[in-house]
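Single-structure report; data block below.
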Amino acid sequence: MGPDALQGIPRQQTNPKRWQGEQWQTFATALQQTGIELRVTQSNTGTYVTDAGGLAHGMPHGVVIARSATQVAALIQLAQYHHVPVTTRGGGLTTEGESVAFGGVLLDMTGMSRVRHIDKEALTVRTEGGIFWHLLAEALRREGLDYLSAPLNLTSSVGGTIGVGGIDVNSSKLGCSADQAISLQVVTPIGEIVECSDQENSELFQRVILGYGQFGIITEATLRIRPYTPLRMHYFYYSSLRVAVEDLMRIDRAQCCDYSGILTMMDKAITLLVAFDSDEREDEFLRQHRKILRGYGELPFALRTAAYYTLRPWRVKEALYLYQRKRQLFPDLQPTHHMQKGQMLDRTVVFSRAVWKHWGGRQMVIPDLACSIDKFIEAVERGNAVCKKYFPHYTLYCVGIKLREEHRPHYELSCFPPDATGWAYGCEFEPMLGDDNYSRDQLQSFKNAIYDIGVDLGTSYYRFGGMMKGYIRRALGDEVVNKHLAMKRQADPAMILNRNVIF
Amino acid sequence: MWQQRRDVQFSPQGIAKALQHNATHDEIAPALFSCLLCGACDVLCPEEIDITGMISALRKEALLQSSNATLKEAVKAHLAQATSDIRIEENTIVLAGEALRSTPATLNKVLTLLSCETSAALAIDDGDDIALALEAGIEISDHRLHAFLEPLQKVKRLYVSNVHLLKQLRHWLPATELFTIGHSLSQLNTLTSKLNKNDLYLIEARAYHLDHKKKVRHYSQLRHERGCHINLDLQCNAIPTAAGGLNAFEPQLDSAEQVRWILSGRNVQRIVAECAEDRRAMSQVSELPVLHIADLMEA
Ligand code: SF4
């Protein structure tokens, strides 16, 4: 292909150039002398060849399994000295290659995944950063406790999530997962072990929270927790995306439920999920707020949909798809062994498994947009149009994220757009790839088309790795990016830590 | 494996990825032989991959290519030379396994409890060695297999303690009704009615995951009705004790650590195990009274 073959075709390069490894041997020898195990065989490095997105592929020169803050600090000091890039990885759930190492060291944080201490009085937990949320939930549940909000995904790690945001169906009430962190133990890019919080080393805390792993490695975290309660679930059904989104925002503002979110089957069957932690909250909602919702119950919606398609026989294929999908999906949203007296025992397990089974696949193609309230409906509708253009079947997942005013400094250069106040809203756009074959270019073009809406509307991007290098300046502007880049250069002189993710 | 190693290499995903990147059998052998074949990952896999089947097949290949030669020799030496050709005439036979046989009082209760329709008799050769070889992926000679299976040809109903053996017996004796001992006892209301909220009930993990769909309902109901604790995680998978089988023969995982994790944060006063090996592992770590489910007969 000639060098000018792609002229006029906008492309976003997402895979950085591989680090050539000039200082690798000296570094590797020095590291091994410290007693840190460095795995260099292809069978080891190949394990981390891609992330959940499956579009970016790269190999580290070597892998280190994180075991302690001291070990991580020693590794980072040497890496900084020898200018060797270090890529950190938890569950590897990024979608744009942010947790893929294009050379250098891949630091697998899941080796640090123990719960250190649960304080039942203060309602806090101290845990290592590489733990998966569901393993944290296991430990907490034994004590009748639960985390506040965590991604509905069984293999997200605590540290990774704090670095990018993390949303749950209760984020409209409790905020993003990163907001649950009270304090962190961080290994800085020069290999110091520092405890930080809003009171202690607050600048570092502000940069590490939602900081895309640029300013430190989270080795331990103290999180707020709460007593465990099962969920009282309600589903309302819509045929209009706009009406459903308006209702979602309405109930969030009224703060009349404990969990809320939207899941769709294309833009034909839209489900608004509403849930409660207590019978009192549920009763109050049903008495006072149910009537403001314009969604239908399951049976009336099924009858309306049947009538709609009876009058449009040429859309029979679409009707059949919706019917089959509902039949497959709905039992998995209420599996009997995860329900008790009509209440859902563990939302993360139920939703994560349903998502894996019915939305998942070998690749996670889930571009997203994070907006202020004012821009959300437009962002969802435009994103929906892009989905329609690229794929016959897709789903949207929308949630509100309560912002904490006192955390504004954490949000700078994060998944939360600067113009968001009160709540930010996120929408994920996920095609149903099934067994169809799509090329990497097709999938990447789709993602870029969604991200371009963000640039156009002035939104941000959240969740699976959040903001990407190719978009950060276009979305948030040079001034704020330059400010953070200067801070990064100061904190990480050799720019070794999670290179190419946003800078 | 994950709970103890916290190393992706010791996970089905790690094994699969390593193989995709040309790992040799020797490189993946530590992970292959650390797996308890408990089957929890089979149940979890969203793509419904037979992960334990894959690991078992890889173990066989690894041994053929002489990885872990000492293990191979040790298990081979363990294979019995028994050559009893006497046909068993009873309808119901129990293959109790060493751990249950080592507690004769409990074993007698098991035999009584399983003798509801016809009296249950104990097999002399209960195939412990064959179960171990199956788990390790080691070939069993035709001679040994014949000696084990021939007496069982006319048996109508077999109660088996070892799940690896049970799985294989489904192929070897297709006409025979096959049950696991622990799960069968867990269906007797006379026993389970004695469980209460101060009990920790230990499901035998391998048996549970083998027929997960059916059993998850049974045990969820048991927990709901009796209010007892059960060694289930939030995903409704059973946490194994890592006791018995290959891990007891050549330990890769620490059974005591597994037991401590099962007990962690649970406020219980008594432990009831449906598998004799789990009972043994529990009583080695816990100060609490530990019973076999059959012991509830007299509790
Ligand atoms: S069978 Fe059990 S021990 Fe083996 S990989 Fe699966 S879950 Fe782990």
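So which of A:GLY434, A:GLY400, A:GLY426, A:GLY454 ends up being in contact (Cβ under 8 Å) with a residue 40 or more places away in the chain and out of contact with any strand residue (DSSP E or B) (no Cβ under 8 Å at 6 or more places or on another chain)? Outline the logic, then answer.
Working: A:GLY400 fails: out of contact with any strand residue (DSSP E or B) (no Cβ under 8 Å at 6 or more places or on another chain); A:GLY426 fails: out of contact with any strand residue (DSSP E or B) (no Cβ under 8 Å at 6 or more places or on another chain); A:GLY454 fails: out of contact with any strand residue (DSSP E or B) (no Cβ under 8 Å at 6 or more places or on another chain).
It is A:GLY434.
Out of (1) more than 10 Å from every other protein chain (Cβ to nearest Cβ); (2) assigned to a loop (DSSP other than H, G, I, E, B); (3) more than 6 Å from the ligand (Cβ to nearest atom), the odd one out for B:ALA23 is which?
Result: B:ALA23 fails condition (1) only.
Restricting attention to the range A:145-157, which residues are within 14 Å of chain B (Cβ to nearest Cβ) and modelled with pLDDT of 95 or more?
Going residue by residue through the range A:145-157, those that are within 14 Å of chain B (Cβ to nearest Cβ) are A:145-147, A:150, A:152-155, A:157.
Within the range A:145-157, A:LEU145, A:ASP146, A:TYR147, A:SER157 qualify.
Going by what's in this entry, would A:LYS389 be described as surrounded by fewer than 21 Cβ atoms within 10 Å (Cβ to Cβ) and among the charged types (D, E, K, R)? It would help to see each step written out before you state the result.
On the way: surrounded by fewer than 21 Cβ atoms within 10 Å (Cβ to Cβ): yes; among the charged types (D, E, K, R): yes.
For A:LYS389, the condition - surrounded by fewer than 21 Cβ atoms within 10 Å (Cβ to Cβ) and among the charged types (D, E, K, R) - is met.
Within the range B:28-39, take every residue that is over 17 Å from B:HIS164 (Cα atoms) and crowded, with 19+ Cβ neighbours inside 10 Å and give me the one that is nearest to the ligand (Cβ to nearest atom). If you could, list the steps in order and put the result at the bottom.
First, the residues of the range B:28-39 that are over 17 Å from B:HIS164 (Cα atoms): B:28-31.
Retained after the next criterion (residues that are crowded, with 19+ Cβ neighbours inside 10 Å): B:28-29, B:31.
Details: B:ILE28: 12, B:ALA29: 14, B:ALA31: 8 Å.
Here the residue is B:ALA31.
Just checking, how many residues over the range A:314-331 are within 13 Å of chain B (Cβ to nearest Cβ) and in contact with a strand residue (DSSP E or B) (Cβ under 7 Å, 6 or more places away or on another chain)?
Within the range A:314-331, residues that are within 13 Å of chain B (Cβ to nearest Cβ) and in contact with a strand residue (DSSP E or B) (Cβ under 7 Å, 6 or more places away or on another chain) number 0.
Are any residues in the range A:348-374 outside any helix (DSSP H, G or I) and without any contact (Cβ under 8 Å) to a residue 40 or more places away in the chain, and if so, which ones? Steps first, answer last, please.
Here is the first cut: in the range A:348-374, the ones outside any helix (DSSP H, G or I) are A:359-372.
Hit for the range A:348-374 is A:GLY360, nothing else.
Can you pull out the residues in the range B:212-253 that are within 16 Å of the ligand (Cβ to nearest atom), within 14 Å of chain A (Cβ to nearest Cβ), more than 19 Å from B:ILE293 (Cα to Cα) and not hydrophobic (A, V, I, L, M, F, W, C)?
Within the range B:212-253, B:HIS212, B:ASP233, B:GLN235, B:ASN237 meet the criteria.
Name every residue in the range A:35-53 that is more than 7 Å from chain B (Cβ to nearest Cβ) and among the small types (Gly, Ala, Ser), in order of residue number.
Hits for the range A:35-53 are A:GLY35, A:ALA52, A:GLY53.
For residues in the range B:1-20 being touching a residue at least 40 places away in the same chain (Cβ under 8 Å) and aliphatic (A, V, I, L, M), which is farthest from the other protein chains (Cβ to nearest Cβ)?
Result: B:MET1.
Among the candidates A:GLN363, A:GLN334, single out the residue that is within 26 Å of B:LEU234 (Cα to Cα), more than 12 Å from chain B (Cβ to nearest Cβ) and at pLDDT below 85.
Working: A:GLN334 fails: at pLDDT below 85.
The unique qualifying residue is A:GLN363.
Does A:VAL380 fit the bill of being in contact with a strand residue (DSSP E or B) (Cβ under 8 Å, 6 or more places away or on another chain), of a type in the set (Val, Ile, Thr), closer than 24 Å to A:THR155 by Cα and surrounded by 23 or more Cβ atoms within 10 Å (Cβ to Cβ)?
Working: in contact with a strand residue (DSSP E or B) (Cβ under 8 Å, 6 or more places away or on another chain): yes; of a type in the set (Val, Ile, Thr): yes; closer than 24 Å to A:THR155 by Cα: no; surrounded by 23 or more Cβ atoms within 10 Å (Cβ to Cβ): yes.
Considered against the rule, which asks whether it is in contact with a strand residue (DSSP E or B) (Cβ under 8 Å, 6 or more places away or on another chain), of a type in the set (Val, Ile, Thr), closer than 24 Å to A:THR155 by Cα and surrounded by 23 or more Cβ atoms within 10 Å (Cβ to Cβ), A:VAL380 comes out as no.
Considering every residue within the range B:148-166, establish whether at least one is buried (at least 16 other Cβ atoms within 10 Å of the Cβ), out of contact with any helix residue (DSSP H, G or I) (no Cβ under 9 Å at 6 or more places or on another chain) and under 12 Å from B:THR92 (Cα atoms).
Checking the range B:148-166: at least one residue is buried (at least 16 other Cβ atoms within 10 Å of the Cβ), out of contact with any helix residue (DSSP H, G or I) (no Cβ under 9 Å at 6 or more places or on another chain) and under 12 Å from B:THR92 (Cα atoms).
Quick one: B:GLN9 ticks every box in (1) touching a strand residue (DSSP E or B) at 6+ places or on another chain (Cβ under 9 Å); (2) within 9 Å of the ligand (Cβ to nearest atom); (3) not hydrophobic (A, V, I, L, M, F, W, C) bar one, so which box is it?
Exception for B:GLN9: condition (2).
What number of residues within the range A:74-103 are closer than 16 Å to A:GLY191 by Cβ and either within 14 Å of chain B (Cβ to nearest Cβ) or out of contact with any Lys or Arg (no Cβ under 8 Å at 6 or more places or on another chain) (or both)?
13
Just checking: which of the helices (runs of 4 or more DSSP H) contained wholly in the range B:40-152 hold 2 or more residues that are of a type outside the set (Gly, Ala, Ser), more than 16 Å from the ligand (Cβ to nearest atom) and within 21 Å of the chain's Cα centre (by Cα)? Give the derivation first.
Details: elements: B:40-44, B:51-64, B:69-78, B:98-101, B:104-113, B:128-136, B:142-149.
Where helices (runs of 4 or more DSSP H) fall fully within the range B:40-152 and carry at least 2 residues being of a type outside the set (Gly, Ala, Ser), more than 16 Å from the ligand (Cβ to nearest atom) and within 21 Å of the chain's Cα centre (by Cα), they are B:69-78, B:98-101, B:104-113, B:128-136, B:142-149.
Out of all the residues in the range B:171-210, which are within 16 Å of the ligand (Cβ to nearest atom) and within 14 Å of chain A (Cβ to nearest Cβ)?
Residues satisfying the conditions are B:ILE203, B:TYR208, B:HIS209.
Among what's in the range A:44-63 and is assigned to a helix (DSSP H, G or I) and without any contact (Cβ under 8 Å) to a residue 60 or more places away in the chain, pick the residue that is surrounded by the most Cβ atoms within 10 Å (Cβ to Cβ). Before the answer, list the steps.
Filtering the range A:44-63 down to residues assigned to a helix (DSSP H, G or I) leaves A:44-48.
This time we only want the ones that are without any contact (Cβ under 8 Å) to a residue 60 or more places away in the chain, so: A:44, A:46-47.
Details: A:ASN44: 24, A:GLY46: 19, A:THR47: 26.
In this case the residue turns out to be A:THR47.
If you go through the range B:29-39, how many residues are assigned to a helix (DSSP H, G or I) and not small (Gly, Ala, Ser)?
Residues meeting the conditions: 3.
Matching residues to (1) charged (D, E, K, R); (2) over 25 Å from A:ARG242 (Cβ atoms):
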{"position": "A:LYS388", "(1), (2)": "yes, no"}
{"position": "A:HIS393", "(1), (2)": "no, no"}
{"position": "A:TYR397", "(1), (2)": "no, no"}
{"position": "A:LEU403", "(1), (2)": "no, no"}
{"position": "A:HIS407", "(1), (2)": "no, yes"}
{"position": "A:HIS410", "(1), (2)": "no, yes"}
{"position": "A:SER414", "(1), (2)": "no, yes"}
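Going through the range A:110-134 one residue at a time, which ones are small (Gly, Ala, Ser) and either within 11 Å of chain B (Cβ to nearest Cβ) or under 20 Å from the mean Cα position of the chain (by Cα) (or both)?
So in the range A:110-134, the residues small (Gly, Ala, Ser) come out as A:111, A:113, A:122, A:129-130.
Those that are small (Gly, Ala, Ser) and either within 11 Å of chain B (Cβ to nearest Cβ) or under 20 Å from the mean Cα position of the chain (by Cα) (or both): A:GLY111, A:SER113, A:GLY129, A:GLY130.
Test of understanding: among B:LYS72, B:LYS60, B:LYS109, B:LYS17, which residue is surrounded by 13 or more Cβ atoms within 10 Å (Cβ to Cβ) and at pLDDT below 90?
Numbers: B:LYS60 fails: at pLDDT below 90; B:LYS109 fails: at pLDDT below 90; B:LYS17 fails: at pLDDT below 90.
Result: B:LYS72 is the single residue among B:LYS72, B:LYS60, B:LYS109, B:LYS17 that is surrounded by 13 or more Cβ atoms within 10 Å (Cβ to Cβ) and at pLDDT below 90.
Exactly one condition in (1) within 13 Å of another protein chain (Cβ to nearest Cβ); (2) free of Cβ contacts under 8 Å to residues at least 12 places away in the same chain is not met by A:LEU345; state its number.
Result: A:LEU345 fails condition (2) only.
Residues checked against (1) within 16 Å of A:LEU210 (Cβ to Cβ); (2) part of a helix (DSSP H, G or I):
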{"residue": "A:ASP419", "(1), (2)": "no, no"}
{"residue": "A:GLY434", "(1), (2)": "no, no"}
{"residue": "A:TYR438", "(1), (2)": "no, no"}
{"residue": "A:TYR451", "(1), (2)": "no, yes"}
{"residue": "A:MET495", "(1), (2)": "no, no"}
{"residue": "A:ILE502", "(1), (2)": "yes, no"}
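The values are calculated or read from the model by the stated rules, or taken from the named source; none is laboratory data. Everything quoted here is computed from the prediction, not taken from an experiment. Neighbour counts are summed over all protein chains in view; Cβ atoms, including those assigned to glycine, are modelled from backbone coordinates with ideal geometry.
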